[in-house]
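Asker: Here you go, one structure.
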Amino acid sequence: ELYNQIMLIDPKGFMGKTAYQTRDCGGYFGQYGVEVSGHSNARELNMLLRHYIIRRCKKEVIKEMPSKARKVLYLHVTNSEKDLLKKRVTDLSNMANKSGNLGVGNQADLLELKVKTAVAKLPAVRE
């Protein structure tokens, strides 16, 4: 989320997305692709971000913001779809482990995988 905001402000003055994910978000390849739920180098990132100020107050964004709602959605995935997904994730992970990063072409493959996963979730979300 932060990376996209910085790119809007200063697209040429900040590091690339893969570098940001691995260096500052504790990024690693997990079972389902790149996991970036952590953080690393927080002090250094803080120093880099000091000249960017992004602040939004709740009252400025929306007057009546609803509380967060979390819901577990169960998806029907066939065995063949599951096998195909596992194979793609394994292939991407192996490519990244060999080269040390995803590379542009493989990043496109990862994006395609994320899009297909999101499309598969649509019917459950619409209910």
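The values are calculated or read from the model by the stated rules, or taken from the named source; none is laboratory data. A quick note: this is a predicted structure, and the numbers were derived from the prediction, not measured. Methodologically, a virtual Cβ is constructed for each residue, glycine included, from the backbone with ideal geometry; neighbour enumeration extends over all protein chains shown. Remember, those area values only see protein heavy atoms, side chains included, never the ligands or the DNA or RNA. Shrake-Rupley method; radii C 1.70, N 1.55, O 1.52, S 1.80 Å.
Asker: If the limit is 24 Å between Cα atoms, which of Lys17/Lys68; Lys71/Lys114; Lys17/Lys114; Lys12/Lys68; Lys87/Lys114; Lys17/Lys71 go over it?
Answerer: As for pairs spanning more than 24 Å Cα to Cα, those are Lys17/Lys68; Lys12/Lys68; Lys17/Lys71.
Asker: Shifting gears a bit: Before rounding to the nearest 500, sum -39500 (n - 2.57) across all DSSP H runs of length at least 4 in the chain and divide by the residue total; then give [θ] at 222 nm in deg cm²/dmol.
Answerer: After summing the helix terms and dividing by residue count, I get -18000 deg cm²/dmol.
Asker: Tell me, what % of the accessible area of the chain is carbon and sulfur with a 1.4 angstrom probe?
Answerer: Result for the chain: 55 percent of the exposed heavy-atom area is carbon or sulfur.
Asker: Turning to a different aspect of this structure: What value does region 10-67 have for Rg/Rh, both radii from Cα atoms and Rh as Kirkwood defines it?
Answerer: 1.10
Asker: Taking square-rooted eigenvalues a ≥ b ≥ c of the alpha carbon gyration tensor, is the chain rounded, prolate or oblate, where a/c under 1.5 means rounded and, failing that, a/b exceeding b/c means prolate?
Answerer: Oblate.
Asker: Counting heavy atoms of the protein chains only and a 1.4 Å probe, report the per residue accessible area for the chain as a whole number of Å².
Answerer: Normalised by residue count, the accessible surface of the chain is 83 Å².
Asker: Label Leu8 and Leu122 with points 7 Å out from Cα along Cα→Cβ: what is the distance between them in nm?
Answerer: Going from the Leu8 label point to the Leu122 one covers 2.5 nm.
Asker: Now for a separate question. Where the convex hull is taken over the Cα atoms of region 39-89, what is its projected area averaged over directions, in nm²?
Answerer: 7.7
Asker: Report relative contact order for the chain in percent, whole number only (criteria: Cα-Cα under 8 Å, sequence separation at least 6).
Answerer: Details: 61 pairs, mean separation 23.1, N = 127.
18 percent.
Asker: While we're looking at this one, here's another question. Give me the net charge for the shell around Asn41: Cβ to Cβ below 12 angstrom, other residues only, Lys and Arg +1, Asp and Glu -1.
Answerer: Result for the neighbourhood of Asn41: 0.
Asker: Let me ask you something else. Using the Cα centre as the reference, give the magnitude of the dipole from point charges on the C-beta atoms of the chain (Lys, Arg: +1; Asp, Glu: -1; all else neutral), rounded to the nearest 20 debye. Intermediate results must be reported in sequence, preceding the final value.
Answerer: On the way: 22 positive and 13 negative charges, 86 e Å.
Value, rounded to 20: 420 debye.
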